[in-house]
Amino acid sequence: MAVKGLRWLAAGLFISILAVGGVCSAEGSKTVEVWKKLFTVVNGDGIDSNTTFLITREGVVVVDTRVTPMEADKVLKEIRKQTDLPILYTINTHYHGDHTFGNQVFKDSKAIIAHENVRKTLFGPSGKAHLDFFKTMDIPGMDETVITLPNIVFKDRMEIFVGGYNLRLIHARGHTDGDLFIYIQELKTIITGDLVFNGKIPYMGDAYVEDWISSLNYLDDFDAEIYIPGHGAPGGKPVFLAMRNYLLSLKGMVLNQLEEGKSLKETQDIVRPALTEKYKTWKNLDWLDANIERAYLEYNSK
Ligand SMILES: [Zn+2]
């Protein structure tokens with residue numbers, strides 16, 4: 001019971017910190033002190049991907065670098081409002097440009113770290129194609145992006161011990177083939193990357209639905225109270241549970257249609273309204289058809 005009581009206290013503290021913790025706002029974005037010395041920059045111009053930074057007594061760790069050098073510069077300014085300590089490590093949770101195209105601003109950190117598939121995808125022609133794709137989106141400052149690759153990569157997991165923290169970087173495929181999440185035991189916090197979207201239908205352009213569900217089941221094994229998603233506001237366990245429930249709903253509804261031998265279009269016409277009703281408060285509802293297609297193609301081939 002004592003442990004449970006502490007958890008509720010921590011959750012209460014977390015909510016009050018969030019309520020008063022908006023410390024500043026660059027244009028469009030807002031920096032939230034999620035937990036002591038752990039900040040997340042939410043929203044932003046162009047794309048709403050999150051950047052998180054942890055200030056340790058030795059220096060700063062940055063997770064994800066936003067969509068352009070211009071947006072990354074804003075993050076750097078936010079960091080400098082808090083500390084003059086050096087930026088030690090930069091981590092990319094996956095390869096998507098809205099999490100990596102600001103890397104060049106942090107290239108002087110000791111290392112840019114990611115799963116090996118992130119480097120593979122951003123390297124050479126596939127990286128250029130990804131950047132060209134982002135350049136079609138009319139995002140201010142996109143032309144200044146120079147793809148800056150992770151220079152330390154890993155396969156399954158790695159750990160960083162820095163300034164009194166142990167950061168566990170764990171590969172968990174789902175949103176892409178190179179996702180990682182970061183568990184910070186000392187803060188009972190998981191930085192999920194795009195394995196979790198908060199209040200938004202997730203992007204599934206290169207996702208693996210079944211692996212994604214398995215990865216979230218695995219994530220559930222970690223003792224955490226704070227979840228910092230790739231998009232949307234940080235929050236407690238309900239943020240994580242809502243994402244898993246969304247994927248389970250998508251899977252269940254699509255499987256039902258597949259069992260009845262329905263075509264993709266018939267499946268979309270039945271599942272889209274059902275998911276729209278269930279998730280009507282979420283953003284990106286126009287991505288539902290693409291999500292249904294991704295799940296349909298994956299489970300149809302099993
Ligand atoms: Zn992504």
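Footprinting exposure proxy ranking of 34, 153, 254, fewest other C-beta atoms within 10 angstrom first, gives 153, 34, 254.
Any idea what the dipole of the stretch 2-236 comes to, in debye rounded to 20, about its Cα centre with Lys/Arg Cβ at +1 and Asp/Glu Cβ at -1?
The calculated dipole for the stretch 2-236 is roughly 600 debye.
If you plug the beta carbon distance of residue 144 and residue 185 into 1/(1 + (r/R0)^6) with R0 = 30 Å, you get a FRET efficiency near 0.20.
Within the listed set 253, 243, 137, the residue fluctuating most in the Gaussian network model of the chain (springs between alpha-carbon atoms under 10 angstrom) is 137. Partners of residue 265 within straight-line reach, counting lysines whose Cα lies under 22 Å from its Cα and excluding those fewer than 8 residues away in the same chain: 251, 278, 280, 302. Rounded to whole Å, the principal axis extents of the Cα atoms in the chain read 60, 55, 36, largest first. Cross-link reach is defined here as a Cα-Cα straight distance under 18 Å, omitting same-chain residues fewer than 8 places apart; for residue 135 the aspartates and glutamates meeting it are 45, 48, 71, 98, 143, 144. Cross-link partners for residue 155 among the lysines, with Cα-Cα distance under 20 Å and sequence neighbours closer than 8 places in the same chain left out: 110, 120. Spatially, the stretch 219-243 and the stretch 123-165 are offset by 23 Å when compared through their Cα centroids. Charged neighbours of residue 179, selected by a Cβ distance under 10 Å, balance to -2 (K, R count +1; D, E count -1). Of the residues 54, 101, 267, the one whose Cα sits farthest towards the positive end of the charge dipole of the chain is 54 (charges of +1 on Lys and Arg Cβ, -1 on Asp and Glu Cβ, taken about the Cα centre). Near the amide H of residue 111, within less than 5 Å, lie the amide hydrogens of 90, all on another chain or at least 5 residues away, with H placed in the peptide plane.
Quick note: the coordinates plus some simple rules give every number you see, no bench work behind them. No experiment lies behind these values; they were computed from the predicted model shown. Here the Cβ is made from the backbone with ideal geometry for all residues, glycine too, and neighbour counts use every protein chain on show.
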